[in-house]
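The values are calculated or read from the model by the stated rules, or taken from the named source; none is laboratory data. Just so it is clear, the model here is predicted, and its values are computed rather than measured. So basically every Cβ, Gly included, is an ideal-geometry build from the backbone, and we count neighbours across all protein chains shown. Side chains are part of the model used for accessible areas, which takes the heavy atoms of the whole protein and leaves out ligands, DNA and RNA. Shrake-Rupley method; radii C 1.70, N 1.55, O 1.52, S 1.80 Å.
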Amino acid sequence: MLKQDTIEVTRECDAMLIPSGVKITIQKGSLVMITQALGNSYTVYVNGNLTRVAGKDGDALGMIILEEPDVNDLPGTLEEKIWSVLKTCFDPEIPVNIVDLGLVYECAILPIETGHKIEIKMTLTAAGCGMGPVLVADIEQKIKNINGVDEVKVNLVFDPPWNRSMMSDVAKLQLGML
């Protein structure tokens, strides 16, 4: 989704600066532009900065509230639930999830005393990409919501370097590359 109209924020709402991941509050009455609505969040341009606003705060932007489905209600194994969650994570600049982009190299599920520790090995589309902190925070927060997960560690790696051949056909189609 791309919306070019300026919108006045109807109430205070939390946001995360892109790419730093610093949490801020967008004040009521601020003028914003929504640039993307994917993965249960809105990417919003405000005061010269890109920010990410959680879908639960969509009403503050005059949009619908994007409900996060409870991953624990989904059928399947813990690993299947983790991969389902990873498909809800989007780079704020690219309208394709990180799994279909080919950014996730490995997902290890390690038993610990109280449950499981999840270790994700992933990369970015470019070594200098500033979206790392935003993606890592999004992944960790979402995976921690899965029952039985006590710890999440996302490791950014750049070997092998990402390239377009790592994208799924779905991603290539979405980006007009097929």
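At a glance:
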{"item": "Sites Tyr105 and Glu80 - FRET efficiency at Förster radius 22 Å, r taken between beta-carbons, to 0.05", "result": "0.75"}
{"item": "Where N is the number of residues in region 68-115, Cα Rg divided by 2.2 N^0.38 Å", "result": "1.31"}
{"item": "Within a Gaussian network of the chain (alpha carbon springs, distance under 10 Å), most fluctuating of Val136, Val22, Val154", "result": "Val22"}
{"item": "Value of relative contact order over region 1-77, rounded to a whole percent, pairs C-alpha under 8 Å and six or more apart", "result": "28"}
{"item": "Directionally averaged shadow of the chain, computed from the convex hull of its alpha-carbon atoms, nm²", "result": "10.9"}
{"item": "Modelled FRET efficiency - R0 35 Å, Met177 with Glu113, Cβ distances, 0.05 increments", "result": "0.15"}
{"item": "In Å², nearest 10: area of Glu119 left accessible to a 1.4 Å probe", "result": "60"}
{"item": "DSSP-defined beta bridges in the chain - what % are antiparallel, rounded to 5", "result": "80"}
{"item": "Spin-label model distance (nm) - Asp5 vs Ala137, 7 Å beyond Cα toward Cβ", "result": "2.9"}
{"item": "Nearest-ten-degree value, helix 132-143 long axis tilted from longest Cα axis of the chain", "result": "70"}
